[in-house]
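Colleague: Pasting a structure below so you can have a look.
The values are calculated or read from the model by the stated rules, or taken from the named source; none is laboratory data. Keep in mind the model is a prediction, meaning the values are calculated, not measured. So basically every Cβ, Gly included, is an ideal-geometry build from the backbone, and we count neighbours across all protein chains shown. These area figures cover heavy atoms from the full protein model, side chains too; ligands, DNA and RNA do not enter into them. Shrake-Rupley method; radii C 1.70, N 1.55, O 1.52, S 1.80 Å.
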Amino acid sequence: MMNLKMKKSKAVIAAVLIGIMALTGCSAAAGVSGGTTASAETTTASAETTAASASKNTAGNENAAETTTAGTAVTNVSGSALETADMFTDRDLEQTPDLTSAVTYTVKDGEDITITEAGVYVLTGSATDVTVYVDADDEAKVQIVLDGVSVTNTDAPVIYVKNADKTFVTTTADSTLAVTGTFTADGDTNTDGVIFSKDDLVLNGTATLTVNSSDNGVVSKDTLKVTGGTYVMKTSSKALEANDEILIADGTFTLTAGTDAIHAENDDDASLGHVYIAGGTFTLTVGDDAVHANSILQIDGGSFTIKAAEGLEATYIQINGGTIAIEASDDGINAANKSNAYNVKLEINGGDITVVMGAGDTDGLDANGDIVINGGSVNVTANSPFDYDGTGVINGGTVVVNGQQVTSLSNQMMGGPGGNNGGFGGPGGHGGHGGPRR
């Protein structure tokens, strides 16, 4: 009740101030440059409301994304592993910021910027060794607009969100952020991303954000959402990382990462660490996993071109749509026992999936539990196309192995050449590896 009264009081005060400004002909303030504390007088008017659409499709089809003035609304899929209809708010999906009351900063070498209040803040210019700090109250929604800004740091994030309810990073003109050296910790906080947030973080916009990092690209210790924009990242470790979940509605991603391109993992709560992808275009070239979720990975749409050691990895993988092309040197798609909160399962209900495996001890579709194919098109080229510890069934869809359509799943779990259902191998055959993969 106290919070409601306070919000009503702030709304009345804001209305009075707007009325006074209208009578006197005053306008909102604009730019101040770095090294100071930013204090916006008013906040953006966009309400945090839920995405409008809640219609359902059958699990065998791609998630039908609906286009609105706010961006791409995400609908729920029947049988969905995750509840998706309310993942994205209207403001999350807005790709063009409201700059009516924005404060503008032109970055300058060595001059940090600190934001302490909710509002919209525009960054322009080119500089080195600049960190934009967000240190606001727990209810504050802060929007940082990258308007053709370029910042290169040696050892600290370019954007560091210490505290806020949610921070939006919105790109309106092509921008570049980079960290070239070893990140310096902030007390007990290991700040290891070019954009680093302790709270919820949203990436959106209409332009290209280029990120180069000696460690990670974008890190959220809470939830990371991406709803639009173009992202080109080259990182020594992970490109996109979050503790609780990574939720992607749309966007264009060219991610080159030393380890994983998209990674969600929560060490304290086994039920978290989700990745959800509704759409977008992804070109992922990585040293380890292209997309990794410790708990649930759900793909409802999008176009993926993947080159990796492992293409997709999670405890429970559900694919309902999309076009996915994977070239892998270990496992193409791997449902592994990463979380004890969910049963290990690879479930394919739709989509067009192509997996091409390298030679050696490799598996196309691998599960420490079950593989269930209910729909879609699955085309696997591999010596060991399937490896599962539980059951493997085809209930629908089209499954092709090394050019031959099949109606049941072979299993390479048992070791030894010519072992259990090893007949799908190349010349000379390959009966599987020496035991179940983990």
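Colleague: How many residues does the range 94-106 hold that are part of a strand (DSSP E or B) and either under 17 Å from A173 (Cβ atoms) or of a type outside the set (V, I, T) (or both)?
Modeller: Number of matching residues: 3.
Colleague: Test T191 against the criterion of being in contact with a Pro (Cβ under 6 Å, 6 or more places away or on another chain) and not in a strand (DSSP E or B), and give yes or no.
Modeller: So T191 passes the test.
Colleague: So, one more: Out of all the residues in the range 259-283, which are part of a loop (DSSP other than H, G, I, E, B), in contact with a strand residue (DSSP E or B) (Cβ under 7 Å, 6 or more places away or on another chain), more than 11 Å from G302 (Cβ to Cβ) and among the aliphatic types (A, V, I, L, M)?
Modeller: If the condition is that a residue be part of a loop (DSSP other than H, G, I, E, B), in contact with a strand residue (DSSP E or B) (Cβ under 7 Å, 6 or more places away or on another chain), more than 11 Å from G302 (Cβ to Cβ) and among the aliphatic types (A, V, I, L, M), then A261, L272 are the ones that fit.
Colleague: Inspect all residues belonging to the range 261-270 and state whether any of them is in contact with a Phe, Trp or Tyr (Cβ under 6 Å, 6 or more places away or on another chain), modelled with pLDDT of 95 or more and closer than 30 Å to T180 by Cβ.
Modeller: No, the range 261-270 contains no residue that is in contact with a Phe, Trp or Tyr (Cβ under 6 Å, 6 or more places away or on another chain), modelled with pLDDT of 95 or more and closer than 30 Å to T180 by Cβ.
Colleague: Also, I was wondering about something else. Looking at the range 133-152 only, could you name the residues that are under 15 Å from T171 (Cα atoms) and in a strand (DSSP E or B)?
Modeller: V142, Q143, I144, V145, L146, D147, S150, V151
Colleague: Another one. Name the residues in the range 74-93 that are crowded, with 17+ Cβ neighbours inside 10 Å and in a loop (DSSP other than H, G, I, E, B), would you?
Modeller: Of everything in the range 74-93, those that are crowded, with 17+ Cβ neighbours inside 10 Å and in a loop (DSSP other than H, G, I, E, B) turn out to be V74, T75, S80, A81, L82, T84, A85, M87, F88.
Colleague: Considering only residues of the range 107-132 that are within 25 Å of the chain's Cα centre (by Cα) and assigned to a loop (DSSP other than H, G, I, E, B), which is farthest from L209 (Cα to Cα)?
Modeller: So the residue we want is A118.
Colleague: A follow-up question, please. Looking at (1) touching a Lys or Arg at 6+ places or on another chain (Cβ under 9 Å); (2) closer than 22 Å to S150 by Cα; (3) basic (K, R), can you tell me which one K234 breaks?
Modeller: All conditions are met except number (1).
Colleague: Here is a further query. Kindly provide the set of residues from the range 214-232 that are more than 13 Å from the chain's Cα centre (by Cα) and open to solvent by less than 10 Å² (accessible area, probe 1.4 Å), ordered by number.
Modeller: N216, the sole residue that qualifies.
Colleague: Restricting attention to the range 56-103, and to residues there that are modelled with pLDDT of 90 or more and touching a Leu at 6+ places or on another chain (Cβ under 8 Å), which single residue is farthest from I319 (Cα to Cα)?
Modeller: F88
Colleague: Taking the range 285-295 only, how many residues are part of a strand (DSSP E or B), more than 11 Å from the chain's Cα centre (by Cα) and crowded, with 24+ Cβ neighbours inside 10 Å?
Modeller: Here the count works out to 3.
Colleague: Let me ask something else about it. Does at least one position in the range 341-350 carry a residue that is among the polar types (S, T, N, Q), crowded, with 20+ Cβ neighbours inside 10 Å and under 19 Å from S80 (Cβ atoms)?
Modeller: For the range 341-350, residues among the polar types (S, T, N, Q), crowded, with 20+ Cβ neighbours inside 10 Å and under 19 Å from S80 (Cβ atoms): present.
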